[in-house]
2 protein chains.
Amino acid sequence: MNILVILGHPRPGSFNHAIADAVCATVTRNGHRAILHDLCAERFDPLLTADEFPEQGAVPDPIRRHCADLQAADGIVIVHPNWWGQPPAILKGWIDRVIRPGVAYRFDEGDNGKGIPVGLLMAKAALVFNTSNTPADREQTAFGDPLDALWRRCIFDLCGVRTFRRQMFGVIVTSTPELPPISWTTSGLN
Amino acid sequence: MNILVILGHPRPGSFNHAIADAVCATVTRNGHRAILHDLCAERFDPLLTADEFPEQGAVPDPIRRHCADLQAADGIVIVHPNWWGQPPAILKGWIDRVIRPGVAYRFDEGDNGKGIPVGLLMAKAALVFNTSNTPADREQTAFGDPLDALWRRCIFDLCGVRTFRRQMFGVIVTSTPELPPISWTTSGLN
């Protein structure tokens, strides 16, 4: 199987990089193919322009290659830190530019003339690994953990990927190599 | 008063631009000063680097100027389309780079040694205007309207701006000049 791994963290050697490395090693060890995109390392351009926006818009080759990897993926793994309840801008740009109409979803005409999105991705499952410096209980009570809705409901469910698991690692800033982050959220596992 | 207006939409002439123009005209007409940043027009660089990340990190001059405008604002207005329940990447990058520790918030030592964020912004209120192609009822039931939590709870409440109003305009794609978008959400007004 092809497993697409998308990593969005600016510092080589980060805990996010370690997660992505562990994902790729596990995928390979199990006889599958890991396709890793370290967005910061490859200097991914996150800016969706007005020309590129329409389904028949002008899509540059690097984005077409990302779209092809997404379409060919049997599984998708996303790794990023929790910055303001959202992914870093570089990964938001990957969402804006790569999760395109005609690639990841299309609109069908509904009964009332409203467009109904239909998922097009063939991936069977998506995993999201996040890191956070906010304790899990505060993330829930103060912020409502928006990352779960963003990835599960707004993106993967819409694109037809209904098997979804998410794991938040934290608190990173106070963790040590001897005492890895353990206050995992469980919300993403339901 | 100084009213900071942040616009994140790639197409000049968009409905988002019209909203921002109306905001600036109204602010000026009422005797106040509008400071508009059209992020796409000014080619704002959305990528927060590892060097810039720490509170004492290397912050480039354009970002320092954005930070100064944010600190000097008596009111803040944000205008952007709803892309995947989030702002476009260019505006996410403004959040990542400009809403910095020491500028918009700081961490106090909590009783249990955990850092407690304390808001530093002097702005009295924040308004967020969004546009959407998703009907308001579907936004709530299918996606949970994550933009409200992102701006209200994750950002402005944390930074000390407790008066918050939000308005979603839609459905834009089926609207006409004669029939402006009217299916406004009310969630942001509560």
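Brief remarks on what is shown
- As a length-normalised measure over Cα pairs under 8 Å and 6 or more apart, the relative contact order of chain A settles at 21 percent.
- Cα convex hull volume per residue for chain A (Å³): 135 Å³
- The string of couplings for the range B:155-161 from the Karplus curve (6.51, -1.76, 1.60, θ = phi - 60°) is 10, 6, 4, 4, 8, x, 9 Hz, one whole number per residue in order, with x for Gly and Pro.
- Dividing the mean sequence gap of close Cα pairs (under 8 Å, 6+ apart) by how many residues the range B:7-102 holds gives a relative contact order of 41 percent.
- Under the span-like rule (Cα at least 20 Å along the axis, Kyte-Doolittle mean at least 0.5), DSSP H helices of chain A: A:15-29
- When both bridge partners sit in the range A:2-189, DSSP labels roughly 20% of those beta bridges antiparallel.
- Dividing the summed -39500 (n - 2.57) terms of all DSSP H runs of n ≥ 4 by the residue count of chain A sets its mean residue ellipticity at 222 nm at -6000 deg cm²/dmol.
- Zero-based 10 Å bins, Cα pair distances in the range A:50-106, whole percents: 20, 51, 27, 2
- Highest-MSF residue in chain B out of B:E42, B:E178, B:E52 [GNM, Cα springs under 10 Å]: B:E178
- The protein assembly as shown: translational diffusion in µm²/s, Stokes-Einstein, Kirkwood Rh over Cα pairs, 10 °C, 1.306 mPa s: 74 µm²/s
None of the figures in this text is laboratory data; all of them are computed from the coordinates on show. Keep in mind that this is a model prediction, so the values were computed, not measured.
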